[in-house]
1. Would you check if there is a residue in region 202-220 being acidic (Asp, Glu), assigned to a loop (DSSP other than H, G, I, E, B) and either within 18 Å of the chain's Cα centre (by Cα) or under 21 Å from residue 258 (Cα atoms) (or both)?
2. Please pick out the residue among 73, 82 that is at pLDDT below 85, over 15 Å from residue 115 (Cβ atoms) and small (Gly, Ala, Ser).
3. Go through region 64-94 and give me each residue that's under 24 Å from residue 259 (Cβ atoms) and either without any contact (Cβ under 8 Å) to a residue 24 or more places away in the chain or not in a loop (DSSP other than H, G, I, E, B) (or both).
Amino acid sequence: MLAAILAATLVVPVGIGGGETPPPIPPRVARAATTPAVAVAATTTDLRDLVAAVGGDRVGVDSLTDPRQDPHAREIVPRQVALLKSAALLVRVGLDHEPWLPRAVAAAGAAPRDVDVARAVVVLDSDVPRLSAGARPHLHAYGNPHYWLDPENARPITARARLVVVHDTWPYFARRFGLVIAGAVEEQPGVPPSPGHLGRLIERMRAAGVRVIVAEPGASPAIVRRLVDATGARVATLAPSVGAEAAATDYLALFDVNVERLARALGGEAATPAGAPRP
């Protein structure tokens, strides 16, 4: 998931609130020689290091928190707000591990793209009652959020995103952004798929956990809708060329548009622009 949207910018160092500020923990910042990369805010140092491992020299990533302090109780400080303002991507533990995060995002004014890593793992203790014996909300009401302490969970967290494409337009784009194309709707370029092929594709998507379908402005809404209904995947409608979408006004804008839409889809939102075929 992360590999699709990591590409670069400057990271603002972050501090933590509450008492005396301990010595800062260095951010994981890499610099490409000629290409800037995406600025990422991670809610823990563990996720910071996993993002750095995936993104390499395409990211500058820092943690919003210090592991030497209570992970659940945080005072919001200006440097955290600055990091969130400058970040293109927010990577978080999810569940109810960061009850302070909505306040920090609100203080920043403009939320970066949100990646909830908990969606990628099997959470333990998810049947914990939502209320404690004292009738107060249980801190871990959605399950135990400390899943990074099983190193096997690093696999789904850092796995490259798998996509299904409608037309075989995107291999070069996928290679550049660390994506895996798990299948194509068209058996042959320009030829509508047979019912048998769609059935096999649906089974493959379910087995591989494919959550995003990449369509183009001319894709058949009926076929895309069938895949969405059968698999629950989200649709990202991307522009294959300059001018194919109104926002793709030039070559650089083409990639800005496509990366932003793909990031939204990978982050859990539909990414079909106004005027495009909708499933």
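The values are calculated or read from the model by the stated rules, or taken from the named source; none is laboratory data. As the structure is a computational prediction, the values presented were derived from the model and not from experiment. Because the Cβ atoms are built from the backbone with ideal geometry, glycine has one as well, and the counts that use them run over all protein chains shown.
1. Yes: region 202-220 contains one or more residues that are acidic (Asp, Glu), assigned to a loop (DSSP other than H, G, I, E, B) and either within 18 Å of the chain's Cα centre (by Cα) or under 21 Å from residue 258 (Cα atoms) (or both).
2. Checking each option against the conditions leaves just 73.
3. Hits for region 64-94 are 82, 83, 84, 85, 86, 89, 90, 91, 92.
Here's the yes/no breakdown for (1) acidic (Asp, Glu); (2) closer than 21 Å to residue 53 by Cα; (3) over 20 Å from the mean Cα position of the chain (by Cα):
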position: 168; (1), (2), (3): yes, no, yes
position: 177; (1), (2), (3): no, yes, no
position: 188; (1), (2), (3): no, no, yes
position: 191; (1), (2), (3): no, no, yes
